[in-house]
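Quick one: this structure, given as structure tokens, is what I'll be asking you about.
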């Protein structure tokens, strides 16, 4: 699904990411762990072609993401609040995202059904704009929206931050269920069973191991 070869990123001569080789299989959950500044978000940004690599490449289904847009049709992501449209209500935003993938409002609502407990009555029907929601509820909106359109590849940056423990567990259950037909790249705050890549300071890849589901 995803292949990385000799991927580096430097700013003003300082290397912030260096991954010699990495392959992520379809249906795998890859957790990327590291301290602040370790290069987790840089890796995700390169995988989404939001920034340009200093050297190397990221391949999605064998195609360089920096040279084609085909991957955008089966890839979805939520990295931070900049992915949201703050002057829309959650319902309006979900329908907007659905429109990008030719998903009807009815099918959008079906996609959101597993998030009912996660939303806890504080997101849908709140009559609030996204900018008026708490940080945790904005995170819930972004995570849910990234699953609209049934993407094959989902990238979530720190999906558990700003969420209470019970909600974190429900999000993990969503990941476990959805990984039956999706590949996940995510950055939990700490290593867990689904962690298979560790980045330490300045993006050096130090630990590999295959993900365990569940």
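The values are calculated or read from the model by the stated rules, or taken from the named source; none is laboratory data. Here the structure is a predicted model, which is why all the values come from computation and not from measurement. Neighbour counts are summed over all protein chains in view; Cβ atoms, including those assigned to glycine, are modelled from backbone coordinates with ideal geometry.
Quickly run through the stretch 102-113 and pick out the residues that are under 20 Å from the mean Cα position of the chain (by Cα) and surrounded by fewer than 16 Cβ atoms within 10 Å (Cβ to Cβ).
Of everything in the stretch 102-113, just one residue is under 20 Å from the mean Cα position of the chain (by Cα) and surrounded by fewer than 16 Cβ atoms within 10 Å (Cβ to Cβ), namely 113.
Follow-up. Would you confirm whether any residue within the stretch 152-162 is assigned to a loop (DSSP other than H, G, I, E, B), within 13 Å of the chain's Cα centre (by Cα) and at positive phi?
The answer is yes; a qualifying residue exists.
Select from the stretch 2-27 the residues that are on the phi > 0 side of the Ramachandran plot and modelled with pLDDT under 90 and list them in ascending order. Break it down into steps so the answer makes sense when it comes.
In the first step, residues of the stretch 2-27 are kept if they are on the phi > 0 side of the Ramachandran plot; the result is 6, 12-13, 27.
Of everything in the stretch 2-27, those that are on the phi > 0 side of the Ramachandran plot and modelled with pLDDT under 90 turn out to be 13, 27.
Just give me the residues in the stretch 70-101 being surrounded by 14 or more Cβ atoms within 10 Å (Cβ to Cβ) and in contact with a strand residue (DSSP E or B) (Cβ under 8 Å, 6 or more places away or on another chain), in sequence order.
Across the stretch 70-101, the qualifying residues are 71, 74, 75, 76, 77, 78, 79, 83.
Just to be sure I understand, how many residues within the stretch 131-150 are in a loop (DSSP other than H, G, I, E, B) and either out of contact with any helix residue (DSSP H, G or I) (no Cβ under 9 Å at 6 or more places or on another chain) or within 17 Å of residue 82 (Cβ to Cβ) (or both)?
Step one: list which residues in the stretch 131-150 are in a loop (DSSP other than H, G, I, E, B), which gives 133-134, 146-150.
Add one more test, that the residue is either out of contact with any helix residue (DSSP H, G or I) (no Cβ under 9 Å at 6 or more places or on another chain) or within 17 Å of residue 82 (Cβ to Cβ) (or both), and what stays is 133-134, 146.
Selection size over the stretch 131-150: 3.
Ok, one more. Determine which member of the set 9, 67, 40, 23 is over 19 Å from the mean Cα position of the chain (by Cα) and either buried (at least 21 other Cβ atoms within 10 Å of the Cβ) or within 13 Å of residue 185 (Cα to Cα) (or both). Spell out the reasoning first.
Numbers: 67 fails: either buried (at least 21 other Cβ atoms within 10 Å of the Cβ) or within 13 Å of residue 185 (Cα to Cα) (or both); 40 fails: over 19 Å from the mean Cα position of the chain (by Cα); 23 fails: over 19 Å from the mean Cα position of the chain (by Cα).
Just one listed residue meets the conditions, 9.
Of the residues 62, 56, which is touching a strand residue (DSSP E or B) at 6+ places or on another chain (Cβ under 7 Å) and closer than 23 Å to residue 26 by Cβ? Before the answer, list the steps.
Working: 62 fails: touching a strand residue (DSSP E or B) at 6+ places or on another chain (Cβ under 7 Å).
Result: 56 is the single residue among 62, 56 that is touching a strand residue (DSSP E or B) at 6+ places or on another chain (Cβ under 7 Å) and closer than 23 Å to residue 26 by Cβ.
Among the residues of the stretch 43-64 satisfying the criterion of being surrounded by 13 or more Cβ atoms within 10 Å (Cβ to Cβ) and either on the phi > 0 side of the Ramachandran plot or in contact (Cβ under 8 Å) with a residue 60 or more places away in the chain (or both), which is farthest from the chain's Cα centre (by Cα)?
56
Report whether or not residue 148 is crowded, with 21+ Cβ neighbours inside 10 Å, in contact (Cβ under 8 Å) with a residue 40 or more places away in the chain, within 25 Å of residue 29 (Cα to Cα) and in contact with a strand residue (DSSP E or B) (Cβ under 8 Å, 6 or more places away or on another chain).
Details: crowded, with 21+ Cβ neighbours inside 10 Å: yes; in contact (Cβ under 8 Å) with a residue 40 or more places away in the chain: yes; within 25 Å of residue 29 (Cα to Cα): yes; in contact with a strand residue (DSSP E or B) (Cβ under 8 Å, 6 or more places away or on another chain): yes.
Criteria met by residue 148.
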